[in-house]
Amino acid sequence: MNAPAVSPADSRLHFYQPQGSEVELFLHASRNQLPVLIKGPTGCGKTRFIEHMAEQLKRPLYTVACHDDLTAADLIGRYLIGNDGTFWQDGPLTRAVREGAICYLDEVIEARKDTTVVIHPLTDDRRILPLDGTGEQLHAAPGFMLVMSYNPGYRNLMKGLKPSTRQRFVSIGFNYPDEQQEARIVMQESGIDLQTAQRLCAVAAALRKLNDADLEESPSTRLLIHCARLIHSGLPAEIATEAALTETLSDEPAAQQAVRQIIRALM
Ligand code: ADP
C-alpha cells in the first residue's frame, strides 16, 4: 500500500498574495471551529494559502496528498510490527486532532469513500475521532481544523463529493488571480522583472480564453512560475516558453501551434 505524502509545515513564512477576502474568512472559520472546503483549479494557490494561514495562526499543518489508494487507516493510523512486537502509530489526521493542528486533505475526491466516515464526526459539534484500533474516542484539541481541497474541473460522476459531506464545510472558491496580481506573484516567486512577468501573465490570460477543444487545461500560476524561473536563470524566453508552456499544455500539433502564436504575439 502507498503511504500518504505527509509534510509538516515549512517553518519559513510563505508569501501569499490574497485574491479577495479569503484570509479574513479563514480566520473567522478557525475562530468558530468550522471546517473549510477550498475549490479551484490546479496550481492556483490553494496549498500556498493554507501554508500561509497555518503560519498566521501559528498552528502545525499536516498536508495529505490524497490518491485513489488512500484509505481511512492512512489518515487515522495503524498497528505496525517493530522489534518489540506490534505498536500503534497515529496517522496525520489523528496527530492533528491530538495536537490542535490543521489537517489539509489535498484533492480529497481522489481518496477512497471510507475516508468520509472518519471525517463526518469531526466536522460537526462533536469534533470526535473514534480510533477503533486503540479503543480511544479522541476529542479534537481546540485548534484542530479540517481543510479539504478539490478541483471541480476534475469532477467525475463516480467520484463527486456527497452533499451530506459538502454541507459540513464552509466553502471558498478559488480561481487564477487577475493579471496584475498574478504578475506580482510570478515576479515574487521567480525573481523575474515585472515587465516580463506581465507579458507571461498576458499570455496566460489569452490561453485561458481558448476553449476546451483547443486546450485541455489552462496554464496554472505554477506553470507560469516555472517558465519565469527558466527565463530568470538565463534561458532564452523562446526555449523556456516552448518547454514550460507549449509542450506542457498539449501533445496536439494544432493546439501547440495555437499556443506558439499567442506567445509570439504577446511576449
Ligand atoms: P494548488 O494547491 O492550488 O494546486 P499551489 O498553492 O501549490 O496550487 O500554487 C502553485 C504555486 O503558485 C505556489 O507554489 C506559489 O508559488 C504560487 N502561487 C499561486 N497563487 C499564489 C498566491 N496567491 N500568492 C503567492 N503565491 C501563489
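The values are calculated or read from the model by the stated rules, or taken from the named source; none is laboratory data. Quantities reported herein were computed from a predicted structural model and do not represent experimental measurements. A quick note on method: Cβ atoms are made from the backbone with ideal geometry, for glycine too, and the neighbour counts reach across all protein chains shown.
Of everything in region 8-22 that's within 16 Å of the ligand (Cβ to nearest atom) and loosely packed, with under 15 Cβ neighbours inside 10 Å, which residue is modelled with the highest pLDDT?
From region 8-22, those within 16 Å of the ligand (Cβ to nearest atom) are 9-10, 12-22; that's our starting set.
Pick out the ones that are also loosely packed, with under 15 Cβ neighbours inside 10 Å and you get 10, 12-13, 15, 18, 20-21.
Values: D10: 46, R12: 59, L13: 71, F15: 91, P18: 93, G20: 93, S21: 96.
That would be S21.
Between a residue in region 163-174 that is in contact (Cβ under 8 Å) with a residue 60 or more places away in the chain and any residue that is among the small types (G, A, S) and away from the ligand (no atom under 16 Å from the Cβ), which pairs come within a Cβ distance under 8 Å, given they are 6 or more apart or on different chains?
That search, which allows pairs on different chains as well, returns V170/A29.
Residues to consider are R168, R184; find the one that is out of contact with any Phe, Trp or Tyr (no Cβ under 9 Å at 6 or more places or on another chain), more than 12 Å from the ligand (Cβ to nearest atom) and not hydrophobic (A, V, I, L, M, F, W, C).
R168
Looking at L61, L57, which one is within 16 Å of the ligand (Cβ to nearest atom) and touching a Phe, Trp or Tyr at 6+ places or on another chain (Cβ under 9 Å)?
L61
Got a sec? Which of V203, V170 is within 21 Å of the chain's Cα centre (by Cα) and β-branched (V, I, T)?
V170
Under 6 Å between Cβ atoms, at least 6 apart or on separate chains: pull out the pairs that start in region 41-54 with a residue that is within 7 Å of the ligand (Cβ to nearest atom) and end on any residue that is among the basic types (K, R).
Close Cβ pairs (under 6 Å, with a partner that is among the basic types (K, R)) amount to G43/R222.
If H139 passes every condition in (1) over 30 Å from F15 (Cβ atoms); (2) within 16 Å of the ligand (Cβ to nearest atom) but one, which one does it miss?
(2)
Being crowded, with 19+ Cβ neighbours inside 10 Å and within 22 Å of F174 (Cβ to Cβ): is that true of T221 here?
Criteria met by T221.
Yes or no: R166 among the basic types (K, R), surrounded by 18 or more Cβ atoms within 10 Å (Cβ to Cβ) and within 26 Å of S21 (Cβ to Cβ)?
no
How about region 148-165: which of its residues are within 16 Å of the ligand (Cβ to nearest atom) and at pLDDT 85 or above?
Passing the criteria: M148, S149, Y150, N151.
Please specify each residue of region 187-204 satisfying the condition of being part of a helix (DSSP H, G or I) and within 15 Å of the ligand (Cβ to nearest atom). First the steps, then the outcome.
Initially, region 187-204 is screened for residues part of a helix (DSSP H, G or I), giving 187-190, 194-204.
Result: M187, Q188, E189, S190, A197, L200, C201, A204.
Can you name the strands (runs of 3 or more DSSP E) wholly within region 60-132 that have at least 3 residues being buried (at least 19 other Cβ atoms within 10 Å of the Cβ)?
The strands (runs of 3 or more DSSP E) meeting that bar are 61-65, 102-106.
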